[in-house]
Structure formats: structure tokens, C-alpha cells
Amino acid sequence: MSSDVKDMSLAQAGVQRILWADRDMPVLASIRERFEREKPLEGVRIGACLHVTTETANLMRTLKAGGAEVHLCASNPLSTQDDTAAALVSEYGIDVYAIKGEDTETYYKHIDAIIDSKPQITMDDGADVVGRIHESRPDALEQIIGGTEETTTGVIRLEAMAADGALRYPIIAVNDAKTKHFFDNRYGTGQSTLDGIIRLTNRLLAGRNFVVSGYGWCGKGLAKRAAGMGANVIVCEVDPTAALEAHMDGFRVMPCAEAAKYADVWCTVTGNLNVIDESSFVNMKNGAIICNSGHFNSEINIPWLEEHCVKKETIKPMVDEYTFEDGRTIILLAEGRLVNLSGAEGHPANVMDMSFANQALCAEYMVKHAAEMKPGCYVVPEEIDSEIASVKLATLGVEIDVLTEEQVAYLNSWNMGTV
């Protein structure tokens, strides 16, 4: 085993945290129990590029229980939990290449280590492994049968590749499963993003103007949670339907350049480029706090800040203050990277339970069906989504109704109208 982690002496603390998260991941635990018996991934090599957290560790345990040979690297330089990485290597026998705070060169060296393991299934969070394979490591394509993708950002990249005819193998868009984006994106991002902001700043949100760029599922969750903390929420959007929804949900909607005049705290969740840009920076009031909870740090034009500031000072780890010629300051959190994972611990285990159940079951599905699937992006099969929701309800002690035979017949008919 040739792993690269920060400190193996952290392993025992990592085990405790992994098992603590496991207590709130009953769906994944039930899959792990079945995988242990049936070994549906026997002999399959999986190369995963995910946030190395306690929740991810329980997914890795599940894949290994299913018989897979698992290799893991970080999908973000700042999201790794070093004790978790050490525990996975020491206690669970999984190759891990991840160090919190690693530089860009090390980050891609770790991705190459995953590709060097000759994975048959790739498991991505942002499509960096897929991109690397297609752009500079086509040698790895020969043995790959398929993959999965965890994030909105990654799915956008993969769909663009598929549209250009560049995607060389089938990938299931785990992000688009209902049991992923309805819950993980909305409830997970909403809570964990505020957690990261508050941990890094210790600022009271009540009464402040909180700007959210993007009103997809992540933006909806973040706006709702910020409002629940007493903030005055402003939404910036480019999609007219999403903007209208934000307006009808009770939030002020305006362009970025206008929102910049009011922003006390501003968070991007769009998956796009330069969302907070020059037109916003020049209008920001003194002391504005900006951050990002989208996958890549491209949503904030950090090079503009670096070029135009007269002073940059690190107030404390992951809190950088930029001072401009007119005396105004802008405070950037977590280097513009995922503030919920860089400044806090990421999504709660309870929602990652469903997301990673999707990953495990989609890996099993890929092994069974890859030969029938052509290169492209695929939705999570409805039966997998439904099974995860049903098991989750059962673990919560929630019961629901079942359609009667009469009701099923009615729903499948066309000639039963007004009586």
C-alpha cells in the first residue's frame, strides 16, 4: 500500500469520528451489511476522488465490504480531515492520497496516483479525475467500465463533454438523484455553509444582509437557513424562473452589482465562473465578507482582488482581508474554496447517508450493466432512488400509505373521468 497522508498517529481519533458519523448513516450501514454477504463488487478496482471526511470513510468501508479494491484521493485541497485519512489507511486498509492544505501540484499528483491504480470505476466529486484521464491520461481508459459523479459542478462538466462527443465511458449522475439533490444539496449545504461561515467569523447573522448567488437546490437551502438565522436575504440569479421562485419565496432579487451595495455576507453557490467580479467589488461596502460554497474556487474572481488590493493580511487561518486604495476592506473566507468543508466539517452524516447510498448502489448497478451502457451521462435508476427513500423513512420510523389495487388501476386508466 502506498498512501500519502499527513500523520498516521491521528488514526485512532479518526476511527472514533468515523464510527460517530456511522451512527447517523443507517441506510449506508444496511447496504454495507448486504454487500458483506453478497460481495457484488468482488475484484473491482474503484478510484474515488471525493472529500476525505468521516462520511466518505463510511462509503469507502461499504465499497470494500462489497469486495472492491478502493483507492481514494481528495477532491478539494482544503476539505481533507487528516485523522480520517490516517484511519482509512491504518484501520481499514484503504489507499488514501490526501493532506489538508496540499498545494495544487500535490493535489494533481494524488489524482494521478488514483489513475495509476487502474480503476475500473471512477467515483468523482467535481469530475477532476475524469477530466485528467481524458486530457492527459488516456492510457487509463482501456480498463474503465464506468463511473459516478457526486456534484452539480461535475455533472455540468460531464454533460458538456458528452455534448462534444468527448466523454469516453458511461457515468451515472449521482448528483441528480432525488435523494441526493433534494436533501444533500438543500439541507446539507444550507446548514453546513452557515456552520463554516460562523466558525470562521463568529459573526451574528441576525439583522445583516446576506446575499446568495444562485437559487438552485443549494441556494434554496442556504437562503432559507440564513433567513432562519434572522438575516435579510438577497438572491442574485441569471435564470428568470429561479429568480421568480426566489421572489415568490419572499427574498429580494437583484443583480450582483446592486446587491454588492448591501452585502454584509455574500456566498456563491452557482458552479460558474467569476460570479463575484469587478462590478461587484467596486460597489461593496467596507468590511463585506465573501465566500463560496460551490465546488471550485473560480466563483469569486480572486486574481482581481490580488491585483487591485494595496494590502492583504491573514486575520486568522482561512480569513484573508484585502485593503484597497480607498480604504475599504473585503474579507475572503477559505481562499474562495468550499467554505462548508474548509471552515467546518461539511454536510451532516444524516444527509450524506442518502448521497453515499446512491454512490454504493450505483457502483453495483454499473458492474451489472456497464456492458449495455454507451458513453454519456445517465440518471440514477428510479428503483435505486425509491429504495433509498424507503429505507431512510423506515430508519426514521416514518410510515406511509400504499396504493390499493383500485387506485393503481385508476392511475393507469384514461377513461375514468367524472362520475
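For the ranges 141-147, 28-34, what's the packing order if you count other beta-carbon atoms within 10 Å of each residue, average per peptide, and put the highest first?
So the peptides 141-147, 28-34, ranked by packing, come out 28-34, 141-147.
With every protein chain left in place, what is the accessible area per residue of the range 243-288 in square angstrom, probe 1.4 Å?
Accessible area per residue, the range 243-288: 48 Å².
Which of LYS368/LYS392; LYS118/LYS178; LYS224/LYS285; LYS100/LYS285; LYS39/LYS392 have a Cα-Cα distance over 28 Å?
Pairs exceeding the cut-off: LYS118/LYS178; LYS100/LYS285.
Using only helices, what value at 222 nm comes out for the chain when you add -39,500 (n - 2.57) per DSSP H run of length 4 or more and divide by the total residues, to the nearest 500 deg cm²/dmol?
It lands at -12500 deg cm²/dmol.
Send over a whole-number figure in Å² for the accessible area per residue of the range 37-104, probe 1.4 Å.
That works out to 25 Å² per residue.
Give the long-range amide H neighbours of LEU167: residues separated by 5 or more places, or on another chain, with amide H under 5 Å away, using H modelled in the peptide plane at 1.01 Å from N.
Under 5 Å from the amide H of LEU167: ALA162.
Per residue of the range 293-303, in order, report the coupling 6.51 cos²θ - 1.76 cosθ + 1.60 (Karplus, θ = phi - 60°) as ³J(HN,Hα) in whole Hz, putting x for Gly and Pro.
Coupling constants for the range 293-303: 10, x, 5, 9, 8, 8, 6, 10, 6, 5, x Hz.
With unit charges on the beta carbon (Lys/Arg positive, Asp/Glu negative), name the residue among ALA113, GLY219, THR148 whose Cα is farthest towards the positive pole of the charge dipole of the chain.
The listed residue farthest towards the positive side: GLY219.
So for the pair GLU135, ASP116, with labels modelled 7 Å out along Cα→Cβ, what separation do we get in nm?
Reported label-point gap for GLU135 and ASP116 is 2.0 nm.
Under 5 Å between amide hydrogens, which residues at least 5 positions from ARG45 or on another chain qualify, with H placed 1.01 Å from N in the peptide plane?
Excluding prolines and chain starts, which carry no amide H, the hits are GLU69, GLN120, ILE121.
Quick one: 3J(HN,Hα) in Hz for the range 304-312, Karplus 6.51/-1.76/1.60 with θ = phi - 60°, rounded, Gly and Pro as x.
5, 4, 4, 6, 9, 6, 9, 7, 10
Rounded to the nearest 10 Å², what accessible area does MET248 have for a 1.4 Å probe in the complete protein model?
150 Å²
Leaving out ligands, DNA and RNA, and with a 1.4 Å probe, what % of the accessible surface on the range 1-151 is carbon or sulfur?
Of the solvent-accessible surface of the range 1-151, carbon and sulfur hold 46 percent.
Given a 1.4 angstrom probe, I'd like the percentage of the accessible area of the range 262-419 that is carbon and sulfur, rounded to a whole number.
On the range 262-419, the fraction of accessible area on carbon and sulfur atoms equals 52 percent.
Just tell me, in residue order, which DSSP H segments of the chain are both 27 angstrom or longer along the helix axis (alpha-carbon based) and at least 0.0 in mean Kyte-Doolittle hydropathy.
Helices passing the filter in the chain: 349-369.
Using each residue's phi in the range 250-259, evaluate 6.51 cos²θ - 1.76 cosθ + 1.60 at θ = phi - 60° and report the 3J(HN,Hα) Karplus result to the nearest Hz, with x for Gly and Pro.
x, 9, 6, 10, 7, x, 4, 4, 7, 4
Can you give the accessible area per residue of the range 297-388, in Å², using a 1.4 Å probe?
Roughly 42 Å² per residue, with all protein chains present.
Choose one answer from ASN209, ASN286, ASN297: the residue with the largest mean-square fluctuation in a GNM of the chain with alpha-carbon springs under 10 Å.
ASN286
List the residues, sorted by chain then number, that are 5 or more residues from VAL235 or on another chain and whose placed amide H is less than 5 Å from its amide H.
Result for VAL235 returns VAL212, ARG252, VAL253, MET254.
The values are calculated or read from the model by the stated rules, or taken from the named source; none is laboratory data. Quick caveat, the model's predicted, so the values are computed rather than measured. Here the Cβ is made from the backbone with ideal geometry for all residues, glycine too, and neighbour counts use every protein chain on show. Side chains included, ligands, DNA and RNA excluded: accessible areas come from the protein's heavy atoms. Shrake-Rupley method; radii C 1.70, N 1.55, O 1.52, S 1.80 Å.
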